[in-house]
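Every read-out reported here was derived from the displayed coordinates using simple, explicitly stated rules and does not represent laboratory data. Note that this is a predicted model, so its numbers are computed, not measured. Cβ: placed from backbone, ideal geometry, glycine included. Neighbour counts: every protein chain shown.
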Amino acid sequence: MMSNLFSVFDPSTSLMNMQLNWLSTFIGLFMIPVAYWMLPNRLYFMWNSLLKTLHSEFKVLLGPNSSVGSTLLFVTLFSIIVFNNFMGLMPYVFTSTSHLAMTLSLSLPLWMGFMLYGWINHTKHMFAHLVPQGTPAFLMPFMVLIETLSNIMRPGTLAVRLAANMIAGHLLLTLLASTGPSLSTTILSLLLFSQILLLMLESAVAVIQSYVFAVLSTLYAGEVN
């Protein structure tokens, strides 16, 4: 029995005092069919076409000065997040992307890497980026402060956006499901139908939030080139 509503997100499954919930991040590696790696099939062509589309879009966002193969990082990032989002929709599977420990572990190292690369290799460009073109002279100190705060907040906003969107849908599903035992048969059937619709919505959110996270990371990387 849950002590509170948010206990569904607690890493409580353990074996010999070892937390096992975070293993859900790696479960999918054992679920990939062998035929995906051995023979060309529909799953392979669908996933390959998706990755090619993302590669083309990320390459445009990074700009012409980007290094060869730099889109691989962001395509992989999208794959990891969308996989974990979908794993969290399965019953009794820990949703790792609903925790800031997971989302910050993805966003903070990326942001730190972008900032270090930009300030070391493109120092003048990074200073110029702090003051938008056409800013009056008396507003420049304030714009530098605002842009600096905006840059510092970027990893936090990336992490919170992903975690909050995953938590919101799961909480709504949990709230509706907890009222099921006390409902009549007619209302229960409507509840099941609404749960199915919400699950479809959550599936769309899982893909959209993965895409948003990867695109924003790509835009942040493009700014330091």
So the angle from the long Cα axis of helix 185-223 to the longest Cα principal axis of the chain, reported in degrees to the nearest 10, equals 20
If I compute P(r) over Cα pairs in 5 Å bins from 0, in percent from the structure I just sent, which labelled value in (i) 1, 6, 11, 14, 15, 14, 12, 10, 7, 5, 3, 2, 1, 0; (ii) 1, 7, 14, 19, 20, 18, 12, 6, 2, 1, 0; (iii) 1, 6, 12, 14, 13, 11, 9, 8, 7, 6, 5, 4, 3, 2, 1, 0 lines up? (i)
Just from the alpha-carbon atoms, what are the Rg and Dmax of region 151-225 in angstroms? 17.6, 61
To check my understanding: the extent here is largest minus smallest coordinate of the Cα atoms along each principal axis. What are those three numbers for region 95-193, in Å, largest first? 68, 29, 16
Which of the peptides 84-92, 138-146, 217-225 is most tightly packed, and how do the rest follow, going by the mean number of other Cβ atoms within 10 Å of each residue? 217-225, 84-92, 138-146
Would you please classify the overall shape of region 30-120 from the alpha carbon gyration tensor, given that a ≥ b ≥ c denote the square roots of the eigenvalues, rounded means a/c under 1.5, and beyond that prolate means a/b larger than b/c while oblate covers the rest? oblate
Expressed in nanometres to one decimal, the distance between label points 7 Å along Cα→Cβ at I152 and L43 is 4.7
To the nearest 20 debye, what charge dipole does the chain have about its Cα centre, counting +1 at the Cβ of each Lys and Arg and -1 at the Cβ of each Asp and Glu? 300
